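Structure, as structure tokens:
Every read-out reported here was derived from the displayed coordinates using simple, explicitly stated rules and does not represent laboratory data. A quick note: this is a predicted structure, and the numbers were derived from the prediction, not measured. Reconstructed Cβ throughout: ideal geometry from the backbone, glycine too, with neighbour counts over all protein chains shown.
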Amino acid sequence: MNEEEYLVNGDDFVSEIVSQYPEAAEVLASLGMHCLGCPSAAFETLWEACRAHGLRPGPVIAALNRRLTGEDGD
């Protein structure tokens, strides 16, 4: 999958990602982002949330997009 095919990217707000793609919450929680309902999620981009949780954005974005496009086998 190349970046043009991504459904979400680092500039998307976490709250919008989870609202549009509820299955994203499971992926984010499995990677250590357990505060998806916190007020910060409404104003944080995925890049910012990754930084705040000590995660590298690239692998998080890739994992989300694999799940959302069905490329992870689910």
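Check G70 against each of (1) at positive phi; (2) in contact (Cβ under 8 Å) with a residue 12 or more places away in the chain; (3) of a type outside the set (K, R) and name the one condition it does not meet.
(2)
Go through the range 23-55 and give me each residue that's in contact with a helix residue (DSSP H, G or I) (Cβ under 7 Å, 6 or more places away or on another chain) and closer than 17 Å to D11 by Cβ.
Listed by number, the residues that qualify are A24, M33, A41, A42, E44, L46, W47, A49, C50.
Taking R56, is it basic (K, R) and touching a residue at least 40 places away in the same chain (Cβ under 8 Å)?
No: the conditions fail for R56.
What number of residues in the range 18-32 are over 13 Å from I61 (Cβ atoms) and either without any contact (Cβ under 8 Å) to a residue 40 or more places away in the chain or assigned to a helix (DSSP H, G or I) (or both)? So that I can check it myself, show each step before the final result.
Restricting attention to the range 18-32, the residues satisfying the condition of being over 13 Å from I61 (Cβ atoms) are 18-20, 22-23, 25-26, 29-30, 32.
Applying the additional criterion that residues be either without any contact (Cβ under 8 Å) to a residue 40 or more places away in the chain or assigned to a helix (DSSP H, G or I) (or both) yields 18-20, 22, 25-26, 29-30, 32.
Residues in the range 18-32 being over 13 Å from I61 (Cβ atoms) and either without any contact (Cβ under 8 Å) to a residue 40 or more places away in the chain or assigned to a helix (DSSP H, G or I) (or both): 9 in total.
Yes/no matrix, rows are residues, columns are (1) over 21 Å from T69 (Cα atoms); (2) in a helix (DSSP H, G or I):
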position: G10; (1), (2): no, no
position: E16; (1), (2): no, yes
position: H34; (1), (2): yes, no
position: R51; (1), (2): yes, yes
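For the structure I just gave you, tell me whether T45 is surrounded by 14 or more Cβ atoms within 10 Å (Cβ to Cβ) and of a type in the set (S, T, N, Q). Show your work before the answer.
Details: surrounded by 14 or more Cβ atoms within 10 Å (Cβ to Cβ): yes; of a type in the set (S, T, N, Q): yes.
So T45 passes the test.
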